[in-house]
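The next block holds one structure in the form of structure tokens; read it before the comments.
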Amino acid sequence: MADYLYKELKVTNVGILDDSTVFGVGIAGAFEAEFKKLGGTVAKHSEYKKEQTSDFKSILLSFKNAGAKAVYVGGTDDQNICIPRKQMKDIGWDAPFTGGDGIETTDCVNQAAGNEAGIYATSAGADATQVPGAAQAIADFRKAFTGANDFGGYTMQSYDAANILMTAIGNAIKGNGGNKPSRKAVRDEMAKITTFQGVIGNYGFDQNGDTTLKIVSIYVVQNSPDPSKTTGVCGANAKNQCFVWKTQFDFAK
């Protein structure tokens, strides 16, 4: 998100808000380090605790008055991290509201009530709807799971991960003469999988077990007359306000 704001949206000054959780503090810190490395300025970095904060207007005004042209939030919707988006409109501040996959949710869209458009979120993976070879798998999934928000940003990644794991389990069973394998045997078989063709791409794994498929997608909430053509992550009340794929970065390159 730091790269996207600085390089694509040409934002050079941001305000950062984190929810005081391990996750929120972690990604906010990573964002701040990268944004400054690129040459950006952090107007202010504030934090809050859910049980103590419901009014974010003073924090938002401090960002705005310090010259921030966007807000980055480190946190998740269960910590009310998207309520500030609603309150930005209350103070008359129109600026991008950005964060990680913890805000790419229906609850985030709901919390933004009346100011949904312009929420940007990152998701650690390619968007399956942009991969031609994934079309049939997506269609099959949506036929089996018909809920409005059943299909999400990580659905096809989860499907691929399950298939990789089942491949390792199957190989471990074969290696044990068709009998139940040990935990170590399954782990060892996982380590042998250095490449795997999944629905959204070819997964490689390095010596640490991390994937070499290092694509990060950018999504933005916008009015979508046909939510079925989006990620499927839309508001419960504002049903046409949905996260739509914008672009992606391939950090392997």
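When the stretch 124-151 is filtered for residues that are over 14 Å from residue 200 (Cα atoms) and open to solvent by less than 20 Å² (accessible area, probe 1.4 Å), only 151 remains.
Exactly one of these conditions fails for residue 251: (1) in contact with a helix residue (DSSP H, G or I) (Cβ under 8 Å, 6 or more places away or on another chain); (2) over 26 Å from residue 142 (Cα atoms). Give me its number. Result: residue 251 passes all but (1). Per the listing 153, 99, the residue uniquely at pLDDT below 95 and under 19 Å from residue 24 (Cβ atoms) is 153. For first residues located in the stretch 46-66 and of a type in the set (Gly, Ala, Ser), partners that are open to solvent by 50 Å² or more (accessible area, probe 1.4 Å) and lie 6+ apart or on another chain with Cβ distances below 8 Å form the pairs 62/44; 66/44.
The values are calculated or read from the model by the stated rules, or taken from the named source; none is laboratory data. None of these values were measured; they are calculated from a predicted model. Heads up, the Cβs are rebuilt from the backbone with ideal geometry, glycines too, and the neighbour counts pull from every protein chain shown. We work out accessible area using only protein heavy atoms, side chains counted, and drop any ligands, DNA or RNA first. Shrake-Rupley method; radii C 1.70, N 1.55, O 1.52, S 1.80 Å.
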